[in-house]
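What follows is a set of notes on a single structure, which appears directly below.
The values are calculated or read from the model by the stated rules, or taken from the named source; none is laboratory data. What you are looking at is a predicted structure, and each value in this text was computed from that prediction instead of being measured. Every residue, glycine among them, receives a Cβ derived from its backbone with ideal geometry; neighbour counts consider all protein chains shown.
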Amino acid sequence: MKVGVIGTGYVGLVTGACLAKVGHQVMCMDNNVQKVEQLNQFIMPIYEPGLEEIVRSTVNEGYLQFTSQMGEVVRQSDVIFITVGTPSRPDGSPDLSAVRAVARSIGQHLDGRYRVIVNKSTVPVGSGNWVRMLVEDGARLATQATVAVSESSVIAVLNLAPEPNFSIVSNPEFLREGSAIYDTFNPDRIVIGSEDEHAVEVMRELYAFWIAPQQSDKIPVPMVVTDLASAEMIKYAANAFLATKISFINEVSNICERVGADVERVAQAIGLDKRIGHQFLRAGAGWGGSCFPKDVSALVSTGQEYGYDCSLLKATLSVNENQRRVVIEKLQRELRILKGRTIAIWGLAFKPHTDDIRSAPALEVANQLLNLGCRVVAHDPIVTAAQANVQVPDLQVVDDPMEAVNGADALVLMTEWPQYAELSLEAVAQRMRQPILLDGRNCLDPLKARNAGLSYTGIGR
Ligand code: NAD
């Protein structure tokens, strides 16, 4: 099928490349011209394991193309994905300006041929109807423009202007940054929301590789077909549940610390209950990233719009915010005075195997420490100083984790990159001014750390 993808970020680029890999003809569009130029030279705008290889092979085989021209994508595509960002506004509601611009622009370029317009961006319930209205508005604007520039017969031009012919589908995305390619090829489910049976059939054909695999050893991925509003809600509910599960174990960890229990033992035991499970039951410095904070806030904001107070989700947010304070308070307990101290941070990305630092807990903690008068020296295997300094200008970022700990009064591990567990803790202890290790992800072995001469503190243990 001929597929267009608008917005080549974490979701759009991965989706476009994977759809090309299974044999669709894909054109990815972005209004960031520099990004498009770089992609055409195989320079990836994001770090995602396996992405460059798949982009290279699909481009070279002629299945994937990049452009900055909306008209080109709309003209060639049967299915058009909207995958632009929907970041939080200061009041917690999502900023839908990119979706608005894209929907209008698609409408302006429609001819009379049928298209399926698929919303993959995470958008509040009701956005499907709103996007439909914007596409229609765009189409109307284009018609008016045609009429305005025409000096000949207005009637003739009006008759030529085609009626927009399209369906709207909601197809929320569940990939995880860091394993986005794997997740796209191995999703737990594919959710399709639409009021139009024909559009659902088009989506079944598009996702045939997943839902009706040719190889007998491949298990078909379940496709869940719903109305538009339910599909939009599924994405928010899934992220809100996962965020709440982490906040739950973090709340338990704070009680564990007070009563002298070990949250790691507690989580291990309760996770064995199949109704609970171990995933997303890790205590630590809290969740961040480009999705959980904005999606939970957006759901709270939707509740507010309808006069409903989302008390559980508000608690999920506030427990998470408090986890950053937990890190600072632990350092205050260990060091008493923070002013003038040098604190090393290992890990800046909001989780391992990604370069994404949107709402990264490490940067929030770094910012608080800088405000409290510390010098903060950080390391991350992928995130660069240039990236981090956009958010936290005074943060010093070094290339070597051992350089970060030189002369430090404490080391805080904020992202559980596996390579940190491989480093010699003896060498770390020797380089520090005070051998204090705060494991914000409970990922290092406390016994090993203590044997290496470090004073080890975890979260909830
Ligand atoms: P992103 O910021 O990485 O990418 C968005 C892209 O859209 C950028 O390349 C930007 O240049 C482009 N863009 C913005 N305005 C445009 C316009 N008018 N025309 C063309 N391109 C435009 O965002 P992302 O992380 O890929 O997220 C996209 C959506 O998917 C969001 O709604 C997000 O909530 C959702 N989502 C993200 C993830 C994730 O892990 N990142 C997972 C599931 C769902």
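Considering segment 35-48, the residues that are within 27 Å of K351 (Cβ to Cβ) and part of a helix (DSSP H, G or I) include one that is nearest to the ligand (Cβ to nearest atom), namely K35. For N129, the criteria (1) modelled with pLDDT of 95 or more; (2) within 16 Å of the ligand (Cβ to nearest atom); (3) under 28 Å from the mean Cα position of the chain (by Cα) hold in every case but one, which is (2).
Screening A298, A344, A360, A285 for residues that are at pLDDT 95 or above, crowded, with 18+ Cβ neighbours inside 10 Å, more than 20 Å from F174 (Cα to Cα) and in contact with a Gly (Cβ under 8 Å, 6 or more places away or on another chain) leaves exactly one candidate, A285.
Looking only at segment 181-219, which residues are in a loop (DSSP other than H, G, I, E, B) and either modelled with pLDDT of 95 or more or closer than 25 Å to P49 by Cα (or both)? Scanning segment 181-219 gives N186, P187, D188, R189, S194, D196, Y207, A212, P213, K218, I219. Selection of segment 278-308 for residues being among the small types (G, A, S), touching a residue at least 40 places away in the same chain (Cβ under 8 Å) and more than 23 Å from R441 (Cα to Cα) yields S297, A298, S301. Whether any residue in segment 304-320 is modelled with pLDDT under 95, surrounded by 15 or more Cβ atoms within 10 Å (Cβ to Cβ) and under 23 Å from the mean Cα position of the chain (by Cα) is what I want to check. Checking segment 304-320: not a single residue is modelled with pLDDT under 95, surrounded by 15 or more Cβ atoms within 10 Å (Cβ to Cβ) and under 23 Å from the mean Cα position of the chain (by Cα). Of the residues V266, V252, V259, which single one is assigned by TED's automatic domain parsing to the domain that holds A315 and in contact with a Cys (Cβ under 9 Å, 6 or more places away or on another chain)? Step by step, each of V266, V252, V259 is checked, and only V266 is assigned by TED's automatic domain parsing to the domain that holds A315 and in contact with a Cys (Cβ under 9 Å, 6 or more places away or on another chain).
Only one of the listed residues (V135, V123, V102) is closer than 15 Å to K235 by Cβ and either in the same structural domain as D356 (by TED's automatic domain parsing) or within 16 Å of the ligand (Cβ to nearest atom) (or both). That residue is V123. For segment 49-76, filtered to residues that are away from the ligand (no atom under 14 Å from the Cβ) and assigned to a loop (DSSP other than H, G, I, E, B), the residue that is nearest to Y207 (Cα to Cα) is Y63.
Checking each residue of segment 9-19 against the condition of being in contact with a helix residue (DSSP H, G or I) (Cβ under 8 Å, 6 or more places away or on another chain) and more than 14 Å from the ligand (Cβ to nearest atom) gives at least one match. When S311, S301 are checked against the criterion of being more than 16 Å from the ligand (Cβ to nearest atom) and hydroxyl-bearing (S, T, Y), a single residue qualifies: S311. Going through A386, A408, A421 one at a time, which residue ends up being of a type outside the set (V, I, T), buried (at least 19 other Cβ atoms within 10 Å of the Cβ) and in the same structural domain as D262 (by TED's automatic domain parsing)? Only one candidate qualifies: A408.
Could you go through segment 379-390 and let me know if any residue there is outside any loop (DSSP other than H, G, I, E, B) and within 16 Å of the ligand (Cβ to nearest atom). Checking segment 379-390: at least one residue is outside any loop (DSSP other than H, G, I, E, B) and within 16 Å of the ligand (Cβ to nearest atom).
For segment 86-98, the condition holds for no residue, the condition being that it is away from the ligand (no atom under 15 Å from the Cβ), surrounded by 18 or more Cβ atoms within 10 Å (Cβ to Cβ) and either of a type outside the set (D, E, K, R) or under 18 Å from G7 (Cα atoms) (or both). Within the bounds of segment 323-335, is there any residue that is away from the ligand (no atom under 16 Å from the Cβ), without any contact (Cβ under 8 Å) to a residue 60 or more places away in the chain and not in a helix (DSSP H, G or I)? No: segment 323-335 contains no residue that is away from the ligand (no atom under 16 Å from the Cβ), without any contact (Cβ under 8 Å) to a residue 60 or more places away in the chain and not in a helix (DSSP H, G or I). In segment 108-120, of all residues being out of contact with any Ser or Thr (no Cβ under 7 Å at 6 or more places or on another chain) and within 13 Å of the ligand (Cβ to nearest atom), the one that is farthest from K2 (Cα to Cα) corresponds to Q108.
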